[in-house]
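Step one of this worksheet: look at the structure below.
The values are calculated or read from the model by the stated rules, or taken from the named source; none is laboratory data. Owing to the predicted nature of the structure, the values given are computational and were not obtained by experimental measurement. All Cβ positions, glycine included, derive from the backbone under ideal geometry; neighbour counts span all protein chains shown.
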Amino acid sequence: MRIPGRGKPAKPEPDADSTTAASATAASQAPTNAPTESQVIDLERRRDVLKARVAELQWDLGGLVYEMAIRDRIRVDVLIKRAALLQDADSELGEIERILHLEHSATAGVCASCAAPHSTGASFCWQCGQPILQQVTSDSIF
């Protein structure tokens, strides 16, 4: 919606399917194995796009609140929908940054016993000696 003489026109909202697909893509790119070089490059590109999107959503949400406030017509339902879009993009950005940090730091996780970082493929913790992977009995596998 554009108010004559007030800022830029609002951009169309992404549909729920594209947001869900983007989240599913990010989740599928976070396997227990280390990402390949092309996946890392794709994640870095996606991170850059999401950073710009989060900044734009923050800007738009602030402008929306301002416009509603000066007109004394606060519509909480509209604000909640916009804030939810921002929260989704921000959480996806956080997850991608976490995956990229793990890839660049060469750590695959932390030990459950002492919280020491371990690399991909480690069987035992280098600090406390506890097994990294839990033993699973064949009875517990479906």
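Some points to look at:
- For segment 31-53, the set of residues classified as assigned to a helix (DSSP H, G or I) and either at positive phi or at pLDDT below 65 (or both) consists of 37 only.
- Residue count for segment 68-90, restricted to those that are over 30 Å from residue 47 (Cα atoms) and either loosely packed, with under 14 Cβ neighbours inside 10 Å or in contact (Cβ under 8 Å) with a residue 60 or more places away in the chain (or both): 7.
- Hits in segment 54-104 - residues which are in a helix (DSSP H, G or I) and among the β-branched types (Val, Ile, Thr): 54, 65, 70, 76, 78, 80, 96, 99
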